[in-house]
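Colleague: Have a look at the structure that comes next, please.
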């Protein structure tokens, strides 16, 4: 466990010199939220930014030959993989906390409509989408390296975006849609379930993805 | 004499290259030069030791332990210096320490800062601001700061000027003052090894040609020179890197075979450079 925590620290140090991009995205998100008086813009913007930032450890490590560094450190390969997923969880958690606080502050100072319940539910849903995207991309990065896998790993992202756009229309009359409606009604009556279910789904996806990535990275010739 | 590194019958096949039956061992307290031309298999062998590649078969033991089963424990005691630094180029040298120290139980910050000072490296400088020689010294500072018992150097001197190479030799000599330490020094610049290596492992085209003491290697091979037509075709086949020029020939021969050649042929001691060059001259022996 210590090695995994050490690796999360190493990843944080790895992206440290590039933190200005993160600040840039945060500032841009804030400006857009204020300009459009919409907190959901802020949340969506920030989550998209996070997906981009989550590729940083791979791009930076590839640029600087850091897979050799990992091989010289007192680490097993699975520590590298679990540590990288730990880094994702850490950043995701910090982001949700940050977004909740910023949303509350914005509503106070800029008279933007604010409901903590709605904000948390939005963040929970976005967090699930974010986790799904990372779960689909990371195994590719671990197996082929970032440069080789970049195009391939973006396909699942487009599929998710496309699915979110067209599936509700296609399935309007199907049993899935009706089941979803039933589920929504149950969930609406239970906001705690509605908040934690997407988070749990995201966690499950990340766990399965991490397991697959461990196997793929373990077999890879560096 | 206990072995720090022991590689036995290791094979690794790629599409266009393979390591075949690699076996050698490095005893405690010695420096082994790992020589061969570019692409001979030196880095591949080192990658196998570091578990960057998986061997098809064979065994690798470091400090007497299987390098896969005891990977973490072993790597606590290994320092690696490559021909390029593998740190984020935007890191300062202090960032390098902060990033790496959690991985080593025996990390010594005082020693790291002392070594930076010794090597005239400014802790505030960024990795990308360092010269080639400074980057090499940084990697050595990291390797020595966690008290590594085995240093693995992969082409650390390529691209360095003579002064920086000489400094490296001094650093390695003082490191070896502790008889429990040892070094595997892979290079194609063999002149570096003439001064400090105790053992030589010579790899060519994925096969180990020689692995024993440097002195034995230098004694076992002699340079020979003579006039044209002094050797018959059978004798020419015994010459390694046989080369004819306008007035005669030269080549390398195993000492045990010298008696079978004409007495008028001139023999001279060979150097590591000469041995590598002759082995690489378009095949092993003249045919």
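The values are calculated or read from the model by the stated rules, or taken from the named source; none is laboratory data. Predicted model, so just to flag it, every value in this text is computed and none were measured. All Cβ positions, glycine included, derive from the backbone under ideal geometry; neighbour counts span all protein chains shown.
Colleague: Filter the stretch B:29-61 down to residues that are more than 23 Å from residue B:14 (Cβ to Cβ) and surrounded by 22 or more Cβ atoms within 10 Å (Cβ to Cβ) and give me whichever is farthest from the chain's Cα centre (by Cα).
Modeller: Selected residue: B:31.
Colleague: Another one. Take the conditions closer than 18 Å to residue B:273 by Cα, in contact with a strand residue (DSSP E or B) (Cβ under 8 Å, 6 or more places away or on another chain) and not in a loop (DSSP other than H, G, I, E, B) and apply them to residue B:225. Does it pass?
Modeller: In short, yes.
Colleague: With respect to the numbered conditions (1) at pLDDT 90 or above; (2) not in a loop (DSSP other than H, G, I, E, B), which one is the sole condition not fulfilled by residue B:134?
Modeller: So residue B:134 meets the others, but not (1).
Colleague: Applying the selection to the stretch B:102-134, what residues are buried (at least 22 other Cβ atoms within 10 Å of the Cβ) and either under 17 Å from residue A:16 (Cα atoms) or within 14 Å of another protein chain (Cβ to nearest Cβ) (or both)?
Modeller: B:103
Colleague: Of everything in the stretch A:42-52 that's surrounded by fewer than 18 Cβ atoms within 10 Å (Cβ to Cβ) and touching a helix residue (DSSP H, G or I) at 6+ places or on another chain (Cβ under 7 Å), which residue is farthest from the other protein chains (Cβ to nearest Cβ)?
Modeller: Result: A:44.
Colleague: Would you please name the residue that is modelled with the highest pLDDT, looking only at residues in the stretch A:148-184 that are touching a helix residue (DSSP H, G or I) at 6+ places or on another chain (Cβ under 6 Å) and closer than 19 Å to residue A:60 by Cβ?
Modeller: Applying the filter and picking the extreme gives A:149.
Colleague: How many residues are within 30 Å of residue A:77 (Cβ to Cβ) and either without any contact (Cβ under 8 Å) to a residue 12 or more places away in the chain or part of a helix (DSSP H, G or I) (or both) if we restrict to the stretch A:104-157?
Modeller: Matching residues across the stretch A:104-157 total 30.
Colleague: Okay, next question. So residue A:65 ticks every box in (1) under 20 Å from residue A:149 (Cα atoms); (2) out of contact with any helix residue (DSSP H, G or I) (no Cβ under 9 Å at 6 or more places or on another chain); (3) more than 14 Å from chain B (Cβ to nearest Cβ) but one. Which box is left unticked?
Modeller: (3)
Colleague: Of the conditions (1) within 25 Å of residue B:198 (Cα to Cα); (2) over 19 Å from the mean Cα position of the chain (by Cα), residue B:19 satisfies every one except a single condition; which number is it?
Modeller: (2)
Colleague: Please work out which residue is nearest to the other protein chains (Cβ to nearest Cβ), limiting yourself to the stretch B:77-101 and to residues that are assigned to a helix (DSSP H, G or I) and touching a helix residue (DSSP H, G or I) at 6+ places or on another chain (Cβ under 8 Å).
Modeller: It comes out as B:99.
Colleague: Let me ask something additional. Scan the stretch B:53-60 and tell me whether some residue there is within 30 Å of residue B:209 (Cβ to Cβ), modelled with pLDDT under 95, in a strand (DSSP E or B) and within 8 Å of chain A (Cβ to nearest Cβ).
Modeller: no
Colleague: Another one. Taking the condition of being in contact with a strand residue (DSSP E or B) (Cβ under 6 Å, 6 or more places away or on another chain) and part of a loop (DSSP other than H, G, I, E, B), how many residues in the stretch B:65-76 meet it?
Modeller: Selection size over the stretch B:65-76: 1.
Colleague: Could you check residue B:257 against (1) within 30 Å of residue B:29 (Cα to Cα); (2) assigned to a helix (DSSP H, G or I) and say which number it fails?
Modeller: Exception for residue B:257: condition (1).
Colleague: Looking at (1) buried (at least 20 other Cβ atoms within 10 Å of the Cβ); (2) modelled with pLDDT under 85; (3) within 14 Å of chain B (Cβ to nearest Cβ), which is the one condition that is false for residue A:17?
Modeller: (1)
Colleague: Can you pull out every residue in the stretch B:141-168 that is farther than 15 Å from residue A:72 by Cα and either at pLDDT below 85 or part of a helix (DSSP H, G or I) (or both)?
Modeller: If the condition is that a residue be farther than 15 Å from residue A:72 by Cα and either at pLDDT below 85 or part of a helix (DSSP H, G or I) (or both), then B:157, B:158, B:159, B:160, B:161, B:162, B:163, B:164, B:165, B:166, B:167, B:168 are the ones that fit.
Colleague: Turning to a different aspect of this structure: Are any residues in the stretch B:169-199 outside any loop (DSSP other than H, G, I, E, B) and free of Cβ contacts under 8 Å to residues at least 12 places away in the same chain, and if so, which ones?
Modeller: Listed by number, the residues that qualify are B:170, B:174.
Colleague: Right, next: State yes or no: is residue A:73 buried (at least 20 other Cβ atoms within 10 Å of the Cβ) and within 14 Å of chain B (Cβ to nearest Cβ)?
Modeller: Criteria met by residue A:73.
Colleague: Pick from the stretch B:226-252 the residues that are surrounded by 14 or more Cβ atoms within 10 Å (Cβ to Cβ) and touching a residue at least 40 places away in the same chain (Cβ under 8 Å): which of them is farthest from residue B:269 (Cα to Cα)?
Modeller: B:236
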